[in-house]
Each structure stands twice: as C-alpha cells, then as structure tokens.
Amino acid sequence: MSFCYLEKLCILFFLNTRKPTFVKIFFGMTTFQDLDLSNQLYNSIEELGFTHPTPIQEQSFSVVRSGKDVVGIAQTGTGKTFAYMLPILRDLKFSKQITPRVLVLVPTRELVLQVVDEIEKLTKYINLRVLGVYGGANINTQKQAVAQGTDIIVATPGRLYDLGLSNVLKLKSIQKLVIDEVDVMLDLGFRFQLLNIFDLLPRARQNIMFSATMTDDVDELINDFFKAPQKISVALSGTPLDNIQQTSYIAPNFYTKANLLAHLLRDRDAFTKVLVFVSNKRRADLLFAALEEIFGSESCVIHSNKTQNYRIRSIRQFDEGKNRILVATDVMARGLDLDEISHVINFDTPYFPENYMHRIGRTGRAEHEGKTILFSTEKEQEAKERIEALMDYKIPVLDFPEEVEITKQLTEEERPKEDQEISKNRTSEEYVPGPAFHEKSEKNSKTNQGGSYKREIARKYKKPKTRGDKNYNMRNKKK
Ligand code: ADP
Ligand code: MG
C-alpha cells in the first residue's frame with residue numbers, strides 16, 4: 001500500500017491538528033522485503049530489528065545502484081549511512097584483490113569508526129573486507145592493514161591522501177567514491193584535500209555524496225566536479241522533530257549560564273544523559289573546568305584539540321553512561337549516533353541555524369522523547385530568531401530560576417575593548433560570529449533547502465505542514 005504525496009500531507013495535517021506534540025506519523029510503507037536486497041543483507045537488517053527503510057534509504061537504493069552520480073540530502077539521524085551502503089553492498093561481489101573498490105570519506109575520525117561499525121553490521125553474512133583509516137593514529141600500522149587488502153576503505157581525507165601518496169594504498173581501482181557529511185567536510189576546509197584525492201582516483205567512477213544541508217559550497221563542488229548528479233532530497237534542514245521538547249532561558253553571560261547549567265544538572269533524575277554544546281573549544285575547556293569542580297568525574301569534554309584517544313574514551317564513557325555530561329563543539333558531535341540522550345543543552349546559541357538542527361537531532365533519536373534547552377544572551381537573540389525563523393517555531397522562554405546566581409564575572413572574550421580573538425572563517429571549529437560570517441551566512445541562506453521548501457509548501461497548502469521525518473522513520477521500525 002502506498003500513499004501519494006498529497007495524501008501523506010493530509011494525514012500529517014490531520015494528525016498534527018489532533019495531537020500537536022508527539023505525533024505518530026505512518027510514512028513510507030515500503031518494507032526492506034520490498035527492496036531488492038540479497039538474502040545475506042536482508043538477514044543482517046532483520047537481525048538489527050529494522051523493518052522499514054527510511055525515506056532516504058528507500059529513494060537512494062535504485063539510484064545508487066544505477067551507477068549514476070548521486071547527491072542525497074536528508075536530515076541527521078535519518079539513516080544516511082545505510083542509504084548509500086545498502087545499494088553498494090548489494091552489488092559488490094566477492095573479490096580477492098588487494099586494492100579497494102569503494103572509498104568512503106568522512107570528516108572526523110569518530111565517524112570513520114562509526115561507519116566501519118555500521119558496515120560490519122551489514123556484512124555479517126557477506127564475505128567482504130572493510131578497513132577504517134584516520135589521522136592521529138600510527139600510519140605504519142595502517143599501511144600494514146592496507147597491504148593486507150580490503151574491499152571498502154573508510155577514511156578521513158588527510159590520512160587517505162597521505163596513504164595514497166605513499167605507494168602502499170593504490171586508489172586506481174576505486175569504482176565508487178562516497179563523500180559523507182559533505183557539507184561538514186567543506187566547512188572544515190577539506191575542499192583542497194578532496195580535490196587532491198580526486199586526482200588520485202580513476203576518472204571513471206561513481207560519485208555519491210550525502211549531506212544534511214545543501215550549502216553553496218556543496219553546490220559549487222558538485223557543479224565543478226560532478227556530472228549532473230541525481231539529486232535525492234527528502235529531509236528539510238529546518239524541520240524540528242516532533243518528539244523533541246524545546247525550551248530556552250535568557251542569561252546575560254558565560255558564568256551565569258554556567259550557574260544555570262549547574263543548577264539544572266543537579267537534578268540527576270531528570271538529567272540522566274546530557275550533551276552540552278558550546279561554540280568553540282576555548283569555551284568547551286572553560287565550561288568543562290567549571291563543571292568538573294562541581295560534578296567531578298560525571299562530566300567529560302571533546303573538541304578537536306583533544307588527542308584521539310581522549311576523544312574516543314570520552315565518547316565511549318558518555319555513550320555507556322559512565323559520564324553523565326558531555327561538553328562538545330558542533331564539529332565533534334556531528335553525525336555521532338549516541339544512545340538515549342535525555343537533554344541537549346545549547347549552552348551557546350549557534351550562529352548558523354542549521355547547527356541548532358544538528359544539535360537537537362542528537363536527542364529524540366529512535367522512539368525516544370528528547371528535551372533540548374537553549375541558553376542565549378542578549379547578543380545571541382538575533383541568532384535565536386534565525387533559528388526560530390528556520391523552524392517556523394518560537395521556542396518557549398522559561399523564567400530564570402530565582403535561586404540561580406546572576407554573576408557579573410566575565411570571561412576574557414566578554415570583557416569590553418579587549419583584543420578578541422575572533423575566528424575569521426568557518427573552516428575552524430570556532431563558530432564565533434565575525435564579519436566574514438555574515439557574508440557567508442547570507443550566501444548560504446539563499447540555498448537553504450529547509451526554508452525554501454517550507455515556503456513552497458506553505459504557499460501551496462496555506463499553512464506550513466512540514467514535520468521531521470526522523471520520527472516516522474524511526475517509528476516505522478516498530479511496525
Ligand atoms: P544519519 O547519517 O542520517 O545521521 P545514521 O546513518 O547515523 O543517520 O543512522 C541513525 C541511526 O538510525 C543509526 O543508529 C542507525 O542504525 C539507525 N537506522 C538506520 N536505518 C534505520 C531503519 N531503516 N530503521 C530503524 N533505524 C535505522
Ligand atoms: Mg551520517
């Protein structure tokens with residue numbers, strides 16, 4: 001049984017009007033049985049307990065299999081890894097050759113581990129080899145692993161390029177290139193490295209790109225290097241998830257925010273697993289130090305200046321529940337699939353509204369209901385308004401708790417007239433607004449898929465009726 005688009009919208013509207021908060025949406029009636037999977041793939045999917053492909057998975061399957069270049073856009077948490085991996089694995093035949101045939105590029109080392117893990121789950125009954133390589137780990141060990149031979153290699157761009165230049169890793173046999181989180185990749189300044197890698201790859205190959213947002217940078221990369229890729233776009237970057245309860249507080253400065261956070265975190269029954277986002281690594285360190293004083297080993301931190309081992313340990317301990325609080329920057333937490341986060345705290349209001357979507361997407365994953373709290377100063381109100389405009393939703397403001405101290409103590413950054421070290425572009429982890437950001441943000445907003453799509457729907461149906469598709473994706477799992 002399948003519904004046409006209009007019918008789906010009607011169902012959506014009906015459900016939304018009746019029960020605005022936690023709406024159950026029955027979308028995508030296709031099951032994994034309907035996809036032309038091999039028995040082995042189907043069995044591993046079944047063992048994972050997945051019954052229905054998410055919309056991006058359903059739509060990508062035949063397009064990726066067709067061999068054409070593809071760009072897939074879907075919100076975080078909508079199952080993009082399987083969206084490209086299922087069709088690739090479906091057609092990848094057993095081989096004894098040493099050199100890899102599939103290359104998956106991801107922006108962070110953590111994602112290398114996660115994607116390798118997902119591929120291993122899918123290849124439980126298939127005789128295929130997968131290898132992950134990333135910087136910050138011994139390159140000689142990785143060279144040895146490469147020399148053993150692999151079918152799929154998952155890598156961060158820098159390390160892949162180094163291995164490609166050494167004669168150990170031969171890339172001329174790559175048939176399929178996947179660039180996952182391509183928007184983040186470009187934000188991190190990997191464009192140049194990607195171009196270098198393209199030079200090492202054979203010209204005749206399939207290019208597959210996946211991204212949560214469609215930015216100008218992504219568009220430019222596609223226009224410059226790829227042959228009219230098929231575009232699959234199912235998610236809206238500005239669509240909040242129905243099962244995430246959003247609230248906000250207004251606080252004048254960093255240390256007052258820290259007091260407020262500490263106050264909230266004392267409620268250990270409610271705040272069981274808390275991911276706290278800050279705008280840059282300096283603030284991450286400052287906040288972590290403040291939290292450590294009060295909560296000791298309950299908290300941990302990750303940002304790009306931490307060593308690889310430290311980062312992996314922090315994420316593991318947080319995921320396993322050994323640490324209750326994780327302080328992170330946007331880049332580090334992007335794409336990570338962490339279990340059952342009770343709260344996402346936006347300690348700083350993200351300058352780019354899309355980042356808010358990515359942040360809150362860390363909670364409310366699968367069927368769980370999540371909570372997110374946004375802290376903002378007067379200065380951050382503008383950024384908050386941008387977020388609200390993108391979502392077409394006003395985040396309720398809660399009264400500042402009386403018992404929390406409002407301090408006048410300022411951080412170095414907050415003190416007036418002092419030299420402020422403002423990051424000049426978006427290529428670093430420092431998402432601090434500066435002059436360059438305005439230019440960039442305006443540029444990006446023009447191609448913001450979420451906003452324009454929403455406007456389109458609003459025009460067509462008078463009232464915006466776009467809801468997060470992750471809900472129905474994940475809820476379908478149960479059916
Ligand atoms: P994205 O890359 O879009 O952020 P992921 O590929 O990391 O999303 O997937 C998010 C989570 O959803 C993972 O835990 C994954 O195992 C799970 N998942 C993927 N596909 C399905 C599905 N069809 N049904 C239920 N859960 C799924
Ligand atoms: Mg992903």
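Details
- Against the conditions (1) of a type outside the set (V, I, T); (2) open to solvent by 10 Å² or more (accessible area, probe 1.4 Å); (3) part of a helix (DSSP H, G or I); (4) within 8 Å of ligand 1 (Cβ to nearest atom), A83 satisfies every one except (2).
- Looking across E412, E385, one residue alone is open to solvent by 70 Å² or more (accessible area, probe 1.4 Å), closer than 28 Å to G189 by Cα, modelled with pLDDT of 80 or more and outside the structural domain of M357 (by TED's automatic domain parsing). It is E412.
Table: residues versus (1) in the same structural domain as G79 (by TED's automatic domain parsing); (2) more than 14 Å from the chain's Cα centre (by Cα); (3) under 27 Å from K384 (Cα atoms).
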{"position": "R316", "(1), (2), (3)": "no, yes, no"}
{"position": "K322", "(1), (2), (3)": "no, yes, no"}
{"position": "M332", "(1), (2), (3)": "no, no, yes"}
{"position": "I341", "(1), (2), (3)": "no, yes, yes"}
{"position": "Y351", "(1), (2), (3)": "no, yes, yes"}
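- The residue of segment 363-382 that is least open to solvent (accessible area, probe 1.4 Å), among those that are polar (S, T, N, Q) and in a loop (DSSP other than H, G, I, E, B), is T363.
One line per residue, one yes/no per condition, for (1) more than 16 Å from ligand 1 (Cβ to nearest atom); (2) open to solvent by 30 Å² or more (accessible area, probe 1.4 Å); (3) touching a His at 6+ places or on another chain (Cβ under 9 Å):
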position	(1), (2), (3)
E110	no, no, no
E120	no, yes, no
K124	no, yes, no
G132	no, no, no
A147	yes, yes, no
I152	no, no, no
L171	yes, no, no
V178	no, no, no
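- Filtered residue count, segment 224-247, keeping only those that are surrounded by fewer than 20 Cβ atoms within 10 Å (Cβ to Cβ), farther than 18 Å from K80 by Cβ and at pLDDT 90 or above: 2
- Checking segment 346-353 against the condition returns a match, with at least one residue being in a helix (DSSP H, G or I) and crowded, with 24+ Cβ neighbours inside 10 Å.
- Here segment 204-221 is the region considered, the condition is being open to solvent by less than 40 Å² (accessible area, probe 1.4 Å) and at pLDDT below 90, and the residue that is farthest from ligand 1 (Cβ to nearest atom) is D216.
- From I360, I315, I341, residue being open to solvent by 20 Å² or more (accessible area, probe 1.4 Å) and either within 16 Å of ligand 1 (Cβ to nearest atom) or charged (D, E, K, R) (or both): I315
- For segment 340-359, the set of residues classified as more than 16 Å from ligand 2 (Cβ to nearest atom), in contact (Cβ under 8 Å) with a residue 60 or more places away in the chain and not aromatic (F, W, Y) consists of E340, I341, S342, H343, V344, I345, N346, D348, P350, P353, listed by residue number.
The values are calculated or read from the model by the stated rules, or taken from the named source; none is laboratory data. Since the structure is predicted, the reported quantities are computational estimates derived from the model, not experimental observations. All Cβ positions, even for glycine, are placed from backbone atoms using ideal geometry, and neighbour counts span all protein chains on display. For accessibility, only protein heavy atoms count, side chains too; no ligands or nucleic acids. Shrake-Rupley method; radii C 1.70, N 1.55, O 1.52, S 1.80 Å.
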